[in-house]
Amino acid sequence: MNKPNITIRQANIADHQGVTNYAIQLVYQHQNFNPLRFAAFENHEQQLFDFFEEQITNPKAVVLVVEVENKIVGYSFIRLEESSFVDIAPESVWLHDIYIDESARGMGAGKLLLDASIGAAKKLGSQVLILQVAAQNEFAKKLFEANGFKVATYEMMMILNEG
């Protein structure tokens, strides 16, 4: 069996509808994990479309796409975030999104995209790369841990209107 041709490259404006399509899939995935934690917004898809149009050209952000046989099958989004007094956080690069279409999972595209995202984060000049992963997303947690990420904090949630 031939190994598929997998390419990682920086997204351009022509890619932003494809990125938006996968971003909305990521939103749905997280809403399925926990609808009280992950919100749906009015005109969510249009807001994502407008957001990624800006981020693709933002010098403090990098949007990468992964292609299999010249078809976009996923993306990642990293951005240098300012320090936060409230979060006691230094200026840091965040891996906000990484998503691979189910049809492309298991062929190494996710690992290649993660490696490229780490490389892009280094170029943005931060000492650390931070991400959040949904507690229910066991596959992603294993991928991140296998690639050197360590737990730095736990986010916890209480439902206030229960019994």
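The values are calculated or read from the model by the stated rules, or taken from the named source; none is laboratory data. Model, not experiment: these values are computed from the prediction. With ideal geometry, Cβ positions are generated from the backbone for all residues, glycine too; neighbour counts draw on all protein chains shown. Heavy atoms of the whole protein, side chains included, go into the accessibility calculation; ligands, DNA and RNA do not. Shrake-Rupley method; radii C 1.70, N 1.55, O 1.52, S 1.80 Å.
Each residue of segment 137-146 was assigned a 3J(HN,Hα) from its phi angle through the Karplus expression (A = 6.51, B = -1.76, C = 1.60, θ = phi - 60°), giving 8, 4, 4, 5, 4, 5, 4, 5, 4, 5 Hz with x at Gly and Pro. Keeping to pairs on different chains or 8 or more places apart, tell me how many lysine pairs in the chain have Cα atoms under 16 Å apart. The result is 8. Which percentage, to the nearest 5, of the DSSP beta bridges contained in the chain is antiparallel? Within the chain, antiparallel bridges account for around 90 percent of the total.
Taken along the Cα-to-beta-carbon direction at a fixed 7 Å, the label points for residue 10 and residue 135 span 3.9 nm. Looking at segment 101-160, the chymotrypsin sites (Phe, Trp or Tyr not before Pro) that sit in a DSSP loop and have at most 16 other Cβ atoms within 10 Å of their own Cβ are 154.
Here the chain is assigned +1 on the Cβ of each Lys and Arg and -1 on the Cβ of each Asp and Glu. Its dipole about the Cα centre then comes out at about 680 debye. Considering the dipole of the chain built from charges on the beta carbon (Lys and Arg +1, Asp and Glu -1) around the Cα centre, which of 112, 57, 90 is farthest to its positive end? Of the options given, the answer is 112.
The mean of 1/r over all pairs of different alpha-carbon atoms in segment 78-163, once inverted, gives a Kirkwood hydrodynamic radius of 14.7 Å. Using a probe radius of 1.4 angstrom, the carbon and sulfur fraction of the accessible surface of segment 1-146 is 53%. Per residue, the convex hull around the alpha carbon atoms of segment 1-75 comes to 105 Å³. Distance between the modelled labels on residue 128 and residue 82, one decimal in nanometres: 2.0 nm (7 Å Cα→Cβ projection). Per residue, the convex hull around the alpha carbon atoms of segment 33-96 comes to 143 Å³. For the chain, the Kirkwood radius over C-alpha pairs fed into Stokes-Einstein at 10 °C and 1.306 mPa s yields D = 94 µm² per second. For the chain, the solvent-accessible area with a 1.4 angstrom probe is 65 square angstrom per residue.
With just the Cα atoms defining each centre, how far is segment 1-52 from segment 92-163? Give it in Å. If you average the Cα positions of each part, the centres end up 15 Å apart.
For segment 41-97, a simple Cβ point-charge model (Lys and Arg +1, Asp and Glu -1, everything else neutral) yields a dipole of about 200 debye relative to the Cα centre. Averaging 1/r over each pair of different alpha-carbon atoms in segment 96-145 and inverting the result gives 12.0 Å, the Kirkwood hydrodynamic radius.
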